[in-house]
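Worksheet for the structure shown next.
The values are calculated or read from the model by the stated rules, or taken from the named source; none is laboratory data. These numbers were taken from a predicted model, which means no experiment stands behind them. Here Cβ is always computed from backbone atoms with ideal geometry, including for glycine, and neighbour counts include all displayed protein chains. Areas reflect the complete protein model, heavy atoms only, side chains present, ligands, DNA and RNA absent. Shrake-Rupley method; radii C 1.70, N 1.55, O 1.52, S 1.80 Å.
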Amino acid sequence: MEEFKLAKGSGLVSIVLNAFLCNIFVIFITYFINSYEVAELLKISIIGLNLYLIYYIFIYTTTKYYVDKDNFYITSIFGIKKNIIPIKSIECYKTYSGTIKSIRISGLSGKYYAIGRNMMNKIGNTYMYVTSSRNIIYLKTDKINYGISPKDYNKFKQILDNRNIKEHDFEIKINKDSHILKDKRYYIPFGLVAIITVIMVLIPMVLYLQHKLPSKMPLIFDAKFKPMSFGTGKQFAFKQAIYGALNMVILICMYYVSYFYYKYDKDYAYKFIYVPLIIVVTFFIMQIKILTTFL
């Protein structure tokens with residue numbers, strides 16, 4: 001098995017700097033935001049963001065390429081994450097040098113590096129393991145493409161040529177089946193978001209109509225969950241309904257993002273629906289906490 005090192009680039013500096021600036025920004029604005037709901041969302045967001053950044057930093061710093069007689073391997077996180085690409089599944093390859101032009105679907109990317117999934121210009125849906133854009137090799141398979149940046153660029157090209165894998169332009173395949181809601185990986189979380197949103201709207205409305213809400217309910221909380229402003233039960237129920245409407249808007253937006261990406265990759269599109277699921281669960285937990293505390 002032959003190992004290929006990645007070309008050196010400045011991507012890691014950019015990732016760490018952006019991570020540092022994001023954390024400083026969130027910490028800074030928390031001093032000026034005295035709202036329980038916003039504070040809770042910021043906490044969840046910064047925890048999620050840091051975990052996300054740490055994950056891709058590990059991928060960036062630990063990725064290695066290997067080639068043997070039958071397969072091409074991309075390993076990272078000390079071998080925990082591994083892509084095994086049979087040599088026979090590689091239809092062709094394409095070389096590129098210069099600014100990376102893409103739409104980032106997941107991961108981290110800039111003009112000169114990309115780690116994660118990207119929709120590449122004239123290439124299509126691509127797993128990117130690129131630390132330098134000076135010499136990129138795109139590998140086309142029947143399922144998805146791969147972008148790599150081996151340090152020994154010419155030697156890797158020679159291996160591909162020796163295996164009768166030639167350089168050609170890519171043809172982007174679009175999935176004509178757009179019925180994403182038929183996929184249970186999508187319609188189950190989609191349905192959960194819709195159900196939780198409806199419950200979140202109905203609970204305060206039913207309590208109000210049954211006259212079970214106190215005449216005075218907290219509407220605004222500080223970051224320590226202390227009421228700052230009170231209103232009527234009707235105003236509280238209406239505010240919760242607005243939160244439900246906002247969650248439905250987020251759900252619809254993520255549906256269209258998933259619908260667009262489903263055309264290019266069925267196996268990844270459903271993951272976008274977990275964004276509104278996390279948000280609506282967060283709002284629902286906050287609502288339950290308010291009701292159990294003040295009802």
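The accessible surface of the stretch 62-209, taken with every protein chain in place and a 1.4 Å probe, is 55 percent carbon and sulfur. In the full protein context, the chain carries 56 Å² of accessible surface per residue, based on a 1.4 Å probe and ignoring ligands, DNA and RNA. For trypsin sites (Lys or Arg not before Pro), the sites in the stretch 66-131 that DSSP calls loop and that have at most 15 other Cβ atoms within 10 Å are K69, K101, K111, K122. The distance linking the stretch 249-282 with the stretch 22-52 is 23 Å (Cα centroid to Cα centroid, whole angstrom). Counting only Cβ charges, +1 for Lys and Arg and -1 for Asp and Glu, the dipole size of the stretch 48-101 around its Cα centre is about 60 debye.
Protection proxy ranking for 272-283, 21-32, 128-139, using the average of other Cβ atoms within 10 Å per residue and placing the highest first: 128-139, 272-283, 21-32. Taking the chain as the reference, fit the longest principal axis to its C-alpha atoms, fit the long axis of helix 274-294 to the helix C-alpha atoms, and give the angle between the two in degrees, 0 to 90, nearest 10. Roughly 20 degrees, rounded to the nearest 10.
In the set (i) 73, 48, 37; (ii) 64, 47, 34; (iii) 80, 43, 29, the label that goes with Cα extents along the principal axes in Å computed for this structure is (iii). Be a star and scan the stretch 109-146 for residues whose amide nitrogen sits under 13 Å from the point 7 Å along the Cα-to-Cβ vector of L21. Only 110-111 pass the distance filter.
Note on the stretch 70-118: Cα-only Rg and Dmax are 13.2, 33 Å.
Entry note, the chain: relative contact order of 16 percent, from Cα contacts under 8 Å with a spacing of 6+ residues.
The calculated 222 nm mean residue ellipticity attributable to helices in the chain amounts to -16000 deg cm²/dmol, summing -39500 (n - 2.57) over DSSP H runs of n ≥ 4 and dividing by all residues.
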